[in-house]
1. Charges only on Cβ, +1 for Lys and Arg, -1 for Asp and Glu: so what's the dipole of the stretch 29-110 about the Cα centre, in debye to the nearest 20?
2. Excluding residues on the same chain fewer than 8 positions from K96, give the lysines whose Cα lies under 21 Å from its Cα.
3. Report, by chain and number, residues whose modeled amide H sits under 5 Å from the one on H214, excluding near sequence neighbours (fewer than 5 apart, same chain).
4. Would you mind telling me the antiparallel percentage of the DSSP bridges in the chain, rounded to 5?
5. Per residue, how much space in cubic angstrom lies within the convex hull of the C-alpha atoms of the stretch 1-43?
6. Percent of accessible area on the stretch 162-240 owned by carbon and sulfur, 1.4 Å probe?
7. What shape does the stretch 113-267 take by its C-alpha gyration tensor, where a ≥ b ≥ c are the square roots of the eigenvalues and a/c under 1.5 counts as rounded, a/b above b/c as prolate, and the rest as oblate?
8. In straight Cα distance, which lysines are under 30 Å from K159, not counting same-chain residues fewer than 8 positions off?
Amino acid sequence: MTLEFRQVGGCFVGEASPIDLRTVHDQLTLERIRAGMDTYGVLVFRNQLFTDAEQLDFAQRFDGTLHAKTSAAVLTRNRFGNEALTDISNVGADGKILAGDDRRRMSGISNRLWHADATFEDPPGRYSMLSARVLPPVRADTEFADMRAAYDALDDEMKRSLEGLRVHHSIVYSREVLGFNFSQEERDRLKGAVHPLVRTMPRSGRKALYLASHAAQIIDWPLPEGRLLLRDLIEHATRERFTHAHIWQPHDFVIWDNRCTMHRARPFDDKTYRRELRRTTTLDLPLPAAAH
Ligand code: SIN
């Protein structure tokens, strides 16, 4: 049966018709998923029974090289021994829930800030894929914002004024806002990356705001003015009409395009309930030839 998508969010987010992604190897279906990503920005696949190895395989089959320097990897070692498999969970290597003041928990709950993955790196993340393995009995949603719709809604004068602006993204900045401290060695290592504030999606030609909590400063602008503009734009882009909350079901697999969406984890009682997901993120490198 042909893979199809139906829109489930107000202006973006598609849900796929039944499919087992572990068995998808043909270029035609992989291209249909990529085309779905172009349209919806976020795709939800239900009932995906991935093992870690199968998830890693699928992510590379779909979009190439995996990111291994994501925010969790930058701050702590991961319990799977493979930094390309990001541990989105509130448990330690022994499977027990992390203590309230554990640095790994602090790093995890930083995902509650609106962000796109690895914008503090160059190349940054392109597609992120999150697989639900253990879910709490309470809601613990992931919320998404459509940065193309947010761009489209700006007036022409604002659009013109943003053209050509470049932004410095830094994990030191986003984590310091939350109270983390960094040594001089860490600061020297985590220099961040510069990206355009407005990106044009290469296949659809649509423009998107490229923002994240890591967005520290507009290059060549005075500090307060640059930060204020970034703050205003994030506030604009995360208005209800541009956002969608994904309510997790067991074995959901959600793919999002970091070039045109932001996301954040919503709080839940993480000192009582386990929540375990695995994330794989591909690098925003030139597209595979078959995808042009
Ligand atoms: C993430 O930011 O990648 C994870 C979001 C979540 O835990 O809901």
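The values are calculated or read from the model by the stated rules, or taken from the named source; none is laboratory data. Note that this is a predicted model, so its numbers are computed, not measured. We place every Cβ from the backbone using ideal geometry, glycine too, and count neighbours over all the protein chains shown. With ligands, DNA and RNA removed, areas are computed over all heavy atoms of the protein, side chains included. Shrake-Rupley method; radii C 1.70, N 1.55, O 1.52, S 1.80 Å.
1. Dipole magnitude for the stretch 29-110 comes out near 160 debye.
2. Candidates past the 8-residue exclusion: K271.
3. Long-range HN contacts for H214: A116.
4. In the chain, DSSP labels about 95 percent of beta bridges as antiparallel.
5. Cα convex hull per residue, to the nearest whole number: 63 Å³.
6. Percent of accessible area from carbon and sulfur atoms in the stretch 162-240: 50.
7. oblate
8. Hits, sequence-local ones excluded: K191, K207.
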